[in-house]
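Worksheet: one structure, shown below.
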């Protein structure tokens, strides 16, 4: 821990011995105690000379290609870890570079400026000023910026892999995905991760997923401990779960009250529509559900955008300066002057990236989608073939053959999925995005499209090609219930068992611990797999709900039940079962928000056509004497009008609350004024 | 003319006598000669005391509620004009407030800063530094900001209308639409307009619409003389005319080459489609035209956006600070501190405006559209009725009655249009927009929707309800040719005659002129009616072209011919026939660009359904054995796919060229840096 004032509460009781930390070179930073933030896990066979070289590099000043951080060799010089922390001035400068907003003395959130640091609150106490997640991210970020200033050998490493070119980023240390990573290839570094703070973690857990805490989540504490990426996921999950209440309520009403009651009323009225089988809602119920679903999904997304922007303001990420920061590790380019910031860095023309995306990535993604469709067609074809054969022969062998098409399809789909994931990652690397967020967005979009297509192609096929609504209803119900059972199993039951099993061992260990052993223990946990799977799950849910809800009105009820446990399960998982992840400050959910928005539009179309196809509506129209062609024309009209209404609604609801807009414009105005005041 | 250095060319040879201008109070401004920029036309019966009061107000400093301008009483104190100009420091401060970019000493375009003024090029010579249009707009803007600081009587005006409340904007002087305008109501000011500079104007005319100048327009000179609003219109007209070449070429090929040649090929091939009547393109021609039209309209808009942003950079309007300027005259609100800029000004909450737009304006506009449809229905109904009656009786009276429905319809449409225009203006006033551009956009959108609906409802009715494509083709051709003849008449022939007639009188006058008489002569010209009608004309053209072009492929050819003359006609009109308009610096075409974009989307739908309805396609499908229902489903699919393609295309083409993006981000980076450097 480091502080100038001593007013801050000492949260960590046991820390690494102070004297073995490297010394702070900066005169303004007086460190009494240094907080362990990030652990660098070295290979077992690393030479002490290499370790010493790495430590000296980490603590060297930026002018000398170092990271200006503090390093601790663990127990001794031969150990296979380096513990890293940062001095105050490195934190403050990085805060400005990231463009984080912090509390000004007048309680406003203002973009932090190192020059003006004394006017910000808590600027003397890094534990108050920056959240734990921010501090760890800053350390990672500084490690990523390590650069070899001249060609040199890595001491203690054999010649071949151990040569660093001038200006080569030594690091990509923490960027686990960067394959070309020099030090990893050279066998020096095995891994790098932020360390958990057990006391804060237990604290957070008590407020988050204990028995007492059922409504709401401690979002600010999550943001502070896990960072805004994770906090945005849980905020969204929370918001989404609450938003499910109205459609769940409507679904219950339509299923249990109206079909009986509504049917009776219908029979009394001279509507001519009979409610003979009740495994689906009535025509009017159908329509109510479809229109409601459209309005609901629009409102949901628009209100989330507002919530998201006010969270972003609260967390100081409204004004991030990622564009003006250095490029992400892994970015390739010819060295030149960045025309915007005037700094020396690799450059890569935007149009070339656009070309790569448009002319290579897009067609390849399309190709894979085509392969999914091909697989599905093959499956249906094969099934028909086998079924015909079985009906003809009726032997045991042909009976066994019946399983062949679906097994082949499963194998095909899995293989395709694996190949696609590799291709998507390689393509996105090759597209050579400058910013990490841009990289993530493009990668996510690719995987998303495929996953989505893979999951919904069958349902769309049943709905629009076979036009078999009862089958769709059954398939939807079984998918929902099956998915949820699986989820509950993997996300609640398994963690619970693991916890009972782990916590015993854990408690024993707690008795005779040293700070170093505690850190070491975290290495045994698996790395956090990211929120990708969680978001995909939500998106698929939302898809089932908004695309097909008018077929199966109970969808929302099932999802609501699922999500209430999901929140706690996810919370438990991220706290207990994995290493702490690095988390970049972000201002929104990024591409996921767009995905939900796009799904909202697709849902209008889907609901319109489902409504049109539903046998009741067709019956109703036929009895009304309307020709099939005219029904379709009416449906087209309705679809276009609904989309127009949706667009007008989305336009009318501002994406950020007024007070956030005013704050944002204040910042813009101030920076315009500042630009006017200074001579260039 | 005013200059510190004397290097600038003296363009005006005769100027008002120097000694009767009010004196510059600012010590930095040494004025040798003052340029007449704006003319305030007073009422005939204004008292000299009122005129003196107004002059003193205009030249008073801003702290005293004045405009810090220079005023000239014309010939004497009793005359009914005041000529206004501005000193250098007023110009420079206003340039900063507007957020105009000017050339820095390193040739970059940089947002002007008064503080840093010495580093900008030409800052000593206002005639070089600001364009004529900018200088005149600044004078207007300053006049608009006149405020009464305490309650006072206007001298020489009877009690009742002549009292100014404290903080009441005296002016709205130049805002001719502001009905509540105090001084106009009080009968002091009749009008206010910028004066022409005959020599520059003749110069511009020579380069613009003389016989020698056929290709291209002197856009920079137009921007400099008439301002960016006008320059953007002519740039767009130019761009659009060139863009018409490919569809015109395709139209010619389809009409004159393919129906014959293509038909022969078709008959040789075993396609089964016979080209028996040739008053329309073939099936494949149809398809080519529809798909081409979709791609063309997307590319056209996207490329225009790029052109527009590079023009905006060239003209220094990329970074306008309208949001941070004072509210527009006519804006109502309770006096308070603007939360963004911290200035005292009227405030009006954004959500209230949104509510007014959403809950009152939108439904009312919808109502009027409903009335248009009602009128059309009534017309068709009445016509059928009268025709039936005529067939039954066959008398002369019933023959005359045949004209009744269309006459009634014309009267109805005209009345509706007039009422609507008043309502639209009132509604937009009542919506209480803070910025002039927002006001204009909302007003334009309202009028646009109505005009568009009014013009295209009949065509849509024929196309999609009656499904009578030959009638549509005939109607389209007659509308196009009729409109063009009217245009040529009003925009080329009439101006030509007027010019012959006027120029004689004009030349005579030139002989014995004084500067003051020249200025006075401009009062006789009618005020410039704005570019609204011109843009509407282009938009309707674009509508005919993109919505229905696959029905009548020669549309583009006719439009191309029309626009080549249109450019010169419009140029002549704005130069010779009207008073010079005020022109605010703008960074794009505003809502017109959006209108063209929306039309592009509607055109995809329209073309898809027209294709579907075309008898050839229907025939073709029937012979192919495809049911009517399936054709429609295919058409739906095609429509959705085409819209998707269009959206991807629009997304892939960046809205601004790379170099403009870099310049813009440079500005952002610099202002972020500047904000970091300064203490708040």
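Please treat every number below as a calculation from the coordinates, not as lab data. Note that the structure is a prediction, hence the values are computed from the model and not measured. All Cβ positions, glycine included, derive from the backbone under ideal geometry; neighbour counts span all protein chains shown.
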Q: Based on the mean of other Cβ atoms within 10 Å per residue, sort peptides B:188-195, B:110-117, A:521-528 so the most packed one is first.
A: B:188-195, B:110-117, A:521-528
Q | Whole-percent pair-distance distribution, where bins are 5 Å wide, for the alpha carbons of the range A:551-654 | A | 2, 9, 11, 13, 15, 13, 11, 9, 6, 4, 3, 2, 1, 0
Q) Considering every residue in A:657-670, what mean count of other chain Cβ atoms within 10 Å of its Cβ is obtained? A) 4
Q) By per-residue mean of other Cβ atoms within 10 Å, what is the highest-first order of B:63-74, A:85-96, B:590-601? A) A:85-96, B:63-74, B:590-601
Q) So what is the diffusion coefficient of the range B:368-496 in µm² per second by Stokes-Einstein at 25 °C and 0.890 mPa s, using a Kirkwood Rh over Cα pairs? A) 140 µm²/s
Q. At residue A:411, with labels set 7 Å past Cα in the Cβ direction, how many nm apart are the copies from this one, shortest first?
A. 8.3
Q. Viscosity 1.567 mPa s, temperature 4 °C: Stokes-Einstein D of the range A:432-471 from its Kirkwood Cα radius, in µm² per second?
A. 108 µm²/s
Q. Can you list, shortest first in nanometers, how far residue B:63 lies from the same residue in the other copies, with each label 7 Å from Cα toward Cβ?
A. 4.8
Q) What order, most packed first, do the peptides A:304-311, B:643-650 have when packing is the mean number of other Cβ atoms within 10 Å of each residue? A) A:304-311, B:643-650
Q: May I ask for log10 I(q)/I(0) of the range B:70-149 at q = 0.11, 0.13, 0.14, 0.17 Å⁻¹, from a Debye sum over the Cα atoms as equal point scatterers with solvent left out?
A: -0.35, -0.46, -0.52, -0.71
Q: Please report the relative contact order for the range A:90-155, taking Cα pairs under 8 Å with a sequence separation of at least 6, and give it as a percent rounded to a whole number.
A: 24 percent
(Q) For a test of the definition: using alpha carbon positions, the gyration tensor, and the 1.5 limit on a/c, classify the range A:526-600 as rounded, prolate or oblate. (A) oblate
(Q) Normalised by the empirical 2.2 N^0.38 Å for globular proteins, what value does the Cα Rg of the range A:337-416 take? (A) 2.07
Q) Taking each residue of B:345-356 in turn, how many C-beta atoms of other protein chains fall within 10 Å of its C-beta, and what is the average? A) 1
Q: Could you give the C-alpha radius of gyration of the range B:451-493 expressed as a fraction of 2.2 N^0.38 Å, taking N as the number of residues it contains?
A: 1.36
Q: Taking a label point 7 Å out from Cα toward Cβ, give me the nm distances from residue B:648 to the same spot in the other copies, shortest first, one decimal.
A: 3.1
